[in-house]
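All remarks here apply to the structure that follows.
Just so it is clear, none of the values below were taken in a lab; they were calculated from the coordinates. Values in this document were obtained by computation on a predicted structure and should not be read as measured data. In this analysis, Cβ positions are derived from the backbone assuming ideal geometry, glycine residues included, and neighbour counts consider all displayed protein chains.
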Amino acid sequence: DQQVKQNSPSLSVQEGRISILNCDYTNSMFDYFLWYKKYPAEGPTFLISISSIKDKNEDGRFTVFLNKSAKHLSLHIVPSQPGDSAVYFCAAILTGNQFYFGTGTSLTVIP
Amino acid sequence: EAGVAQSPRYKIIEKRQSVAFWCNPISGHATLYWYQQILGQGPKLLIQFQNNGVVDDSQLPKDRFSAERLKGVDSTLKIQPAKLEDSAVYLCASSPQVGYNEQFFGPGTRLTVL
């Protein structure tokens, strides 16, 4: 029962272009969403988050969009840099701090 | 500020053997989580502690997995006996309190069961 899904296991983007990573969820009770970034042999690190009462949150090159009616969120990275190459996980939180993670998307930014 | 510490980083055992993992969360963090991440999947919560009490262990296979956080600080996760399907990365995370919308992860322990 995968409540949070990332349907693209991998994505390749040219340096300087936009990277768009997508995430879909099934539970309308999720009230907070996060994106984590993971390098090999390291634990995930927090990147950006959004509350369910908002539809957009921006932090530098990173923007997260939330479409509650479609149960869909996306992470935009502009411009993409080679150092952004990593696995990106979206996560959703139910009240009570229950985290549900997606399966991850491996981003490769080509110099 | 020191991050979440985990040891060992890697462990190889044979099936039916026992193994234990250790986690030291960020100082002052009351909430501690253990996750299992199988290759190609996202992290799956095994158990959540608030101080030394269990908040959620609904996905912990209790016939073989156990975890404790006796003094409300560091924690150990044990598997006894291990099965081939337990091969995964075991991640520990902490957060200041329940309801805090971010978790801080350690580097993980990669377990291989042969």
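Dipole check for chain A: with +1 at the C-beta of Lys and Arg, -1 at the C-beta of Asp and Glu, and the Cα centre as origin, the magnitude is about 120 Debye.
Near B:Ser75: Cβ cut-off under 11 Å, other residues only, Lys/Arg at +1 and Asp/Glu at -1. The net charge is +1. For B:Ser87, nonlocal amide neighbours, meaning residues 5 or more places apart or on other chains whose placed amide H falls under 5 Å from its own, are B:Val113.
Under a Gaussian network description of chain B, with springs only between Cα atoms under 10 Å, the residue in B:Gly72, B:Gly53, B:Gly42 that fluctuates furthest is B:Gly42. Among A:Phe33, A:Phe99, A:Phe89, the residue with the largest mean-square fluctuation in a Gaussian network model of chain A, with springs joining Cα atoms closer than 10 Å, is A:Phe99.
Distance between the C-alpha centres of the range B:55-114 and the range A:7-41: 24 Å, rounded to the whole angstrom. Bridgeable aspartates and glutamates around B:Lys83 (alpha carbons under 13 Å apart, same-chain partners fewer than 8 residues away excluded): B:Glu14, B:Asp63. Counting only residues at least eight positions apart within a chain, or on another chain, the lysines with an alpha carbon under 24 Å from that of A:Lys56 are A:Lys5, A:Lys37, A:Lys38, A:Lys68, A:Lys71.
Of all the options B:Asn24, B:Asn52, B:Asn101, the one that moves most in a Gaussian network model of chain B with Cα springs shorter than 10 angstrom is B:Asn101. For the range A:14-111, GluC sites (Glu not before Pro) are listed when DSSP marks them as loop and at most 16 other Cβ atoms sit within 10 Å of their Cβ; the list is A:Glu15, A:Glu42. Post the alpha-carbon centroid distance, the range B:34-52 to the range A:64-111, in whole angstrom. A separation of 19 Å, based on Cα centres. Setting aside same-chain residues fewer than 8 positions from B:Lys71, which lysines have a Cα under 27 Å from its Cα? Within the straight-line cut-off, B:Lys71 pairs with B:Lys11, B:Lys44, B:Lys62. Taking the Cα centre of the range B:10-114 as origin and assigning +1 to Lys and Arg Cβ atoms and -1 to Asp and Glu Cβ atoms, the resulting dipole is close to 280 debye.
Ranking B:Ile26, B:Gln59, B:Ala93 by how far each Cα lies toward the positive end of the dipole of chain B (charges on Cβ) leaves B:Gln59 at the top.
Loop-located trypsin sites (Lys or Arg not before Pro) across the range B:1-98 with a Cβ neighbour count of 14 or fewer within 10 Å are B:Arg9, B:Lys15, B:Arg16, B:Lys62, B:Arg64, B:Lys71, B:Lys83, with loop assigned by DSSP.
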